[in-house]
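Right, one structure below, let's go through it.
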Amino acid sequence: MKLLEYEGKEIFGRYGIPMLPRCGVIKIGDSTDALKIEGPGPWVVKAQVLAGGRGKAGGVKLARTPAEARELAGQMLGMKLVTHQTQGKALTVEEVLVEEACEIAREIYLSVVMDRKEACPSIIASAEGGMSIEELAHTHPERIIRMAVDAESGLLDFQARQLAFDLKIPQKLFHDFTTLARQLVKVFVEMDASLVEVNPLIISKNGRLFAIDSKIVTDDNALFRHKDLAARPDHEATEIEKEAKAIGINYIGLDGDIGCMVNGAGLAMATLDTVKMAGGNAANFLDVGGGANVDQVTRAFQIILKDPKVKAVLVNIFGGIMKCDNIAAGVVEASKKVKLRVPLIVRLEGTRVEEGREILAKSGLKLQQAGSLWEAAQKAVAAAK
Ligand code: GDP
Ligand code: MN
């Protein structure tokens, strides 16, 4: 689960990580009067979307007066934002954060990620922070610092000091920096994160350290330990994905036009690959789970057909514990219930497959059967054209 900048900063706040004072967060429909904009300014107005690169895309603006900050915040709400991290898609700005701004002397990159190969958290840092760490990693990989951290003991003092030396942190900020770095690792471990990133961590012109951006990605498998996160609305899921989740179906929307209904995540992945190899594109990943009974299949059809892009449905079910004749009966009944508007291709394999195929053949439904996954994928691609 990805957190918005201000949500990440609320967590940083609990760990004493220094940040600039917040004036408020407003949502679409809120009045900009709700923002507490006081003091001499300037202020920074920031679009809260789940993508970086906002700075270059017009999602981060400086305001000199409170009136200007309110005006910018009002303009930003509802705006569509395309950044280099949104894969060409436009994200709607539903929330805006306003903070006090400061003059920046230096921008540093600091993050903690899970190093899967070493099986431990790892700090990634660079003295050259700011907007495009990906580019720096490409052009000057030697300027990126990596440091393995023990999850149990956290960042050790000598490691924090080494990091401060490597990042050329000024002597008088050594203590602030090493504390911050240790706390950041603590956030990573305690939040069950897969990424905690501060880009940039800044040194202000008046010589202080502030985290002025935050990015936290947490591991969904640990959500049971984080009740507050579990209760939070999922900003990333589409409406169809949310509906599927509510009824216990694993569904992820994709860009293609072939709706896929499969039992088991591995078989679903193999189905997507095979559709691709046959020259088509899947409209979704869908795992109906182990049971595949009439109810589940009906619901899965309904979910798949909610996507207007779908031009054909490919059912690929392996009857292991469930027998193919039961599955076939389920598919027939479900197809009648949902009134399929697109061609249906069914491939069954496994226990009692002959009986299953006979049920499908005698059903009177206009469906195509396939003996192999390859044949099914080719038929689905042809049907979707
Ligand atoms: P991102 O582009 O989505 O990663 O958004 P950031 O929060 O990192 O902001 C992008 C850039 O805006 C930063 O690298 C800074 O250069 C600038 N910026 C953000 N906050 C402030 C601020 O308080 N003062 C100044 N002067 N610049 C800021
Ligand atoms: Mn940033």
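The values are calculated or read from the model by the stated rules, or taken from the named source; none is laboratory data. It should be emphasised that the depicted structure is a prediction, and the values quoted were computed from it without experimental measurement. All Cβ positions, glycine included, derive from the backbone under ideal geometry; neighbour counts span all protein chains shown.
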### Task
Might you check whether a residue that is more than 16 Å from ligand 2 (Cβ to nearest atom) and assigned to a loop (DSSP other than H, G, I, E, B) occurs anywhere in the range 58-76?
yes
### Query
Given VAL288, VAL297, which one is at pLDDT below 95, more than 17 Å from VAL353 (Cα to Cα), surrounded by 19 or more Cβ atoms within 10 Å (Cβ to Cβ) and in contact with an Asp or Glu (Cβ under 9 Å, 6 or more places away or on another chain)?
VAL297
#### Entry: Selection count where residues are crowded, with 20+ Cβ neighbours inside 10 Å, out of contact with any helix residue (DSSP H, G or I) (no Cβ under 8 Å at 6 or more places or on another chain) and among the charged types (D, E, K, R), scope the range 53-88
1
### Query
strands (runs of 3 or more DSSP E) wholly in the range 170-251 with at least 2 residues that are in contact (Cβ under 8 Å) with a residue 40 or more places away in the chain, more than 16 Å from ligand 2 (Cβ to nearest atom) and under 19 Å from SER122 (Cβ atoms) - which ones?
193-204
### Message
Going residue by residue through the range 343-359, is there one that turns out to be touching a Phe, Trp or Tyr at 6+ places or on another chain (Cβ under 9 Å), crowded, with 17+ Cβ neighbours inside 10 Å and part of a helix (DSSP H, G or I)?
### Response
no
### Task
Out of the residues in the range 32-44 that are within 15 Å of LEU72 (Cβ to Cβ) and in a loop (DSSP other than H, G, I, E, B), state the one that is farthest from ligand 1 (Cβ to nearest atom).
LEU35
### Message
With more than 16 Å from ligand 1 (Cβ to nearest atom), farther than 30 Å from MET1 by Cβ and charged (D, E, K, R) as the only criterion, which of ASP192, ASP157 stands out?
### Response
ASP157
### Query
So is VAL49 in contact with a His (Cβ under 9 Å, 6 or more places away or on another chain) and either within 16 Å of ligand 2 (Cβ to nearest atom) or farther than 11 Å from VAL96 by Cβ (or both) or not?
yes
### Task
Look through ASN263, ASN281, ASN316, ASN250 and report the one residue that is of a type in the set (S, T, N, Q), touching an Asp or Glu at 6+ places or on another chain (Cβ under 8 Å) and surrounded by 19 or more Cβ atoms within 10 Å (Cβ to Cβ).
ASN263
### Task
Tell me, please, whether a residue that is acidic (Asp, Glu) and more than 10 Å from ligand 1 (Cβ to nearest atom) can be found in the range 100-109.
no
### Message
Looking at the range 3-26, I want the residues that are touching a residue at least 12 places away in the same chain (Cβ under 8 Å) and have a partner that is part of a strand (DSSP E or B) and away from ligand 2 (no atom under 15 Å from the Cβ) with Cβ atoms under 6 Å, at least 6 apart or on another chain. Which pairs are those?
### Response
TYR6/VAL25; PRO18/LEU209; LEU20/GLU100; PRO21/GLU100; CYS23/VAL98; GLY24/VAL98; VAL25/GLU95; ILE26/VAL96
### Task
Would you point out which residue out of LEU50, LEU4 is surrounded by fewer than 18 Cβ atoms within 10 Å (Cβ to Cβ) and either among the hydrophobic types (A, V, I, L, M, F, W, C) or within 30 Å of ARG225 (Cα to Cα) (or both)?
LEU50
#### Entry: Within the range 215-233, tally of residues that are surrounded by 14 or more Cβ atoms within 10 Å (Cβ to Cβ) and touching a Phe, Trp or Tyr at 6+ places or on another chain (Cβ under 8 Å)
0
### Query
Mind checking whether some residue in the range 187-204 is at pLDDT 95 or above, touching a Pro at 6+ places or on another chain (Cβ under 6 Å), surrounded by 18 or more Cβ atoms within 10 Å (Cβ to Cβ) and farther than 15 Å from TYR109 by Cα?
yes
### Task
Look at GLU236 and say whether it is crowded, with 16+ Cβ neighbours inside 10 Å and of a type in the set (Asp, Glu).
no
### Hits in the range 45-76 - residues which are touching a Leu at 6+ places or on another chain (Cβ under 6 Å) and within 22 Å of ASP33 (Cα to Cα)
VAL45, LYS46, ALA47, GLN48, VAL49, GLY59, LYS61, ALA63
### Task
Please state which of the following conditions TRP374 fails to meet, knowing it meets all the rest: (1) surrounded by fewer than 18 Cβ atoms within 10 Å (Cβ to Cβ); (2) hydrophobic (A, V, I, L, M, F, W, C); (3) in contact with a helix residue (DSSP H, G or I) (Cβ under 6 Å, 6 or more places away or on another chain).
(3)
